[in-house]
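The values are calculated or read from the model by the stated rules, or taken from the named source; none is laboratory data. These numbers come from a predicted model, not from an experiment. Don't worry about glycine lacking a Cβ; one is built from the backbone with ideal geometry, like all the others, and counts go over all protein chains shown. In case anyone asks, the SASA skips ligands and DNA or RNA and just uses the protein heavy atoms, side chains included. Shrake-Rupley method; radii C 1.70, N 1.55, O 1.52, S 1.80 Å.
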Amino acid sequence: MAIRSIARGCGAYLPERIVTNAELAAKVDTTDEWIQARTGIKQRHIAADGQLTSDLAVHAANRAMEMAGVEGKDIDLIVLATATPDHTFPSTATTVQAAIGMSGGAAFDVQAVCSGFIFALATADNFIKAGQCKRALVIGAETFSRILDWEDRTTCVLFGDGAGAIVLEASEGEGPDAQGILSTHLHSDGRFKEMLYVDGGPSSTQTVGHLRMQGREVFKHAVTNLSNVVLEALEANGLEADAIDWLVPHQANQRIISGAARKLKMDTAKVVTTVSSHANTSAASVPLALNVAVQDGRIKFGDLLLLEAMGGGFTWGASLLRW
Ligand code: COA
């Protein structure tokens, strides 16, 4: 029997402060109608002053560990996806490591922007399958509010802050019917850097910078890349789209989510969507959505989940996971 990573628990955290579209419309030239019609977003959560990405991550991690029935000392790997780390270094993952009382093992960040959680999941899954760790915390955590240009209406209305986490554990299993991660599929294409990037950084400007995006171009690539990677994941496992119980997509835009679901001919009732209340939380968006559907009882033991995401780089990926 092959080693397989199974999901033992998940958790999430959203900052208390909710900012509605109406509140944004009072600051920049936009309207609730425009934002809802183009994106499906109604509101977003924004971190409090002084509340860091690691603070959100620790809350999410503790909730995931509680569901899994484990403590920090039981974890031997943290892979944390973020594009908004607390500091240039050390990694946000090591800050979380200290906070949850985990002193052994390894902790590091991965950077694939909005695809970050899928990249982190793939990394942890491969560590587990290689026998290099037994129990991993995979976290997506972001404070995108800190890198937004709050005067740019084309970007500032789209994003929010939050964190989500999952506990993976080494087990055994084979084939699509066994519990755990069936496969992960990652892609990137650095030629499209200019379409979605931050115009600052320690080496280039010595400033944090702001997010810049060619929204329409990103939209087109997102629909194509996500459709392709989703089909790749199904084909790799000899499955058809009707085998999927729940599509848990990156929550960037309702129209992108609906486009991906349409291509799969999936009933929208089987698509987990949180974009209206969370907006785009980048690496946190997939685990936040997953957690909502687990907590409200939609996702049940044995369900087949298809996770997918696309982000700056470009980066994109998918994973099939039997819960
Ligand atoms: N409020 C009101 N009007 C706005 C606006 C806002 N917040 N933002 C842009 N506009 C205006 C534009 O200035 C433009 O006006 P013009 O026609 O007078 O030039 C018009 O709305 C249309 O802009 P456009 O960018 O073509 O709209 P769109 O239909 O492509 O929607 C996005 C814009 C950003 C919502 C859409 O392109 C998108 O979702 N892209 C993907 C973004 C994404 O998901 N990124 C993250 C990937 S991880």
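Restricting the range 204-219 to residues that are surrounded by 13 or more Cβ atoms within 10 Å (Cβ to Cβ) and more than 30 Å from HIS87 (Cβ to Cβ), the residue that is farthest from the chain's Cα centre (by Cα) is GLU217.
Considering each residue of the range 26-37 in turn, none proves to be at pLDDT 95 or above, over 16 Å from the mean Cα position of the chain (by Cα) and within 19 Å of GLY164 (Cβ to Cβ). Looking only at residues in the range 43-60 that are crowded, with 19+ Cβ neighbours inside 10 Å and touching a Lys or Arg at 6+ places or on another chain (Cβ under 7 Å), the one that is farthest from ALA12 (Cα to Cα) is ILE46. Number of residues in the range 220-244 that are open to solvent by 40 Å² or more (accessible area, probe 1.4 Å) and either within 19 Å of the chain's Cα centre (by Cα) or not charged (D, E, K, R) (or both) equals 6. Pairing residues of the range 9-29 that are free of Cβ contacts under 8 Å to residues at least 12 places away in the same chain with residues that are open to solvent by 10 Å² or more (accessible area, probe 1.4 Å), at Cβ distances under 9 Å and at least 6 apart in sequence or on separate chains, gives ALA22/THR31; ALA22/ASP32; GLU23/GLN43; ALA25/THR31; ALA25/ASP32; ALA25/TRP34. In the range 1-24, which residues are exposed (fewer than 15 other Cβ atoms within 10 Å of the Cβ) and not aliphatic (A, V, I, L, M)? Once the filter is applied, which keeps residues that are exposed (fewer than 15 other Cβ atoms within 10 Å of the Cβ) and not aliphatic (A, V, I, L, M), the range 1-24 yields GLU16, ARG17, THR20, GLU23.
Among the residues of the range 245-273, write down those that are open to solvent by 70 Å² or more (accessible area, probe 1.4 Å) and within 14 Å of the ligand (Cβ to nearest atom). Passing the criteria: only ARG255. Flag: ALA122 matches the condition of being away from the ligand (no atom under 16 Å from the Cβ) and within 30 Å of THR39 (Cβ to Cβ). Scanning the range 274-304 for residues that are open to solvent by 60 Å² or more (accessible area, probe 1.4 Å) and either in contact with a Pro (Cβ under 8 Å, 6 or more places away or on another chain) or among the charged types (D, E, K, R) (or both), we see that the one that is nearest to ALA178 (Cα to Cα) is LYS300.
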